[in-house]
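Report on the structure given below.
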Amino acid sequence: LTTEGEIFLPYAQQILDLYQNAKIMIEELATESTGAICIASIYSMGLYQLKPVMQHFLKKYPGINIQLEYRQNDKIYEMVRTNAIDFGLIALPQEKAGFTVKVFAYDQLVLVQSRKKPFFSKKHISLKELNGVKLVAWDPHTPTGRLIVDYLFSKEITPAIIKHSDNIETIKNAVEIGMGCSILPES
């Protein structure tokens, strides 16, 4: 470089750096997402599995407003069908005409009991040991409730169902105070 070129070079670098930084910032503004997403979820997914996903999403897209409602499976299908929500999170999704179904997460069902008033003293029990045991059950009209009832019936297991609910928090509270044990998603 000439003497003049050596003097000009750092200024030229600064001009190019400023131009690149301005271009990047303008592109980020142009691609920043804004708007609202309407979601309906069953209680168990919305309260436990969706929370970390929403936190990550909102951190990445702070301009998006998420509207979350809690509903039963059948109501969520109806809300999607009528475009009342953008998408729904349900248990045991079924392929239906006009719907696209994607699996969000898998979760095991586990037997739970109160620590204060346990029904079983050992960590692992056989299925037959559930015969006659007080069970706080999922409402049989929910997919999870139907699945559990059908499975227990197929194995000729008859627990003493003392309460039905479609709300996971209601079931957990009943178990916690010792009304019975239950079968809940592990998460």
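Against the test of being surrounded by 15 or more Cβ atoms within 10 Å (Cβ to Cβ), within 26 Å of LEU50 (Cα to Cα) and of a type outside the set (Val, Ile, Thr), the options PRO143, PRO159 yield a single qualifying residue, PRO143.
For the subset of segment 24-46 comprising residues that are more than 30 Å from ALA84 (Cβ to Cβ) and open to solvent by 90 Å² or more (accessible area, probe 1.4 Å), which member is modelled with the highest pLDDT?
Here the answer is MET25.
For VAL80, state whether it is in contact (Cβ under 8 Å) with a residue 12 or more places away in the chain and open to solvent by less than 60 Å² (accessible area, probe 1.4 Å). Criteria met by VAL80.
The values are calculated or read from the model by the stated rules, or taken from the named source; none is laboratory data. The structure presented is a predicted model; accordingly, all values stated were derived computationally and were not measured. Methodologically, a virtual Cβ is constructed for each residue, glycine included, from the backbone with ideal geometry; neighbour enumeration extends over all protein chains shown. To get the accessible areas, we keep the full protein, side chains included, count just its heavy atoms, and leave off ligands, DNA and RNA. Shrake-Rupley method; radii C 1.70, N 1.55, O 1.52, S 1.80 Å.
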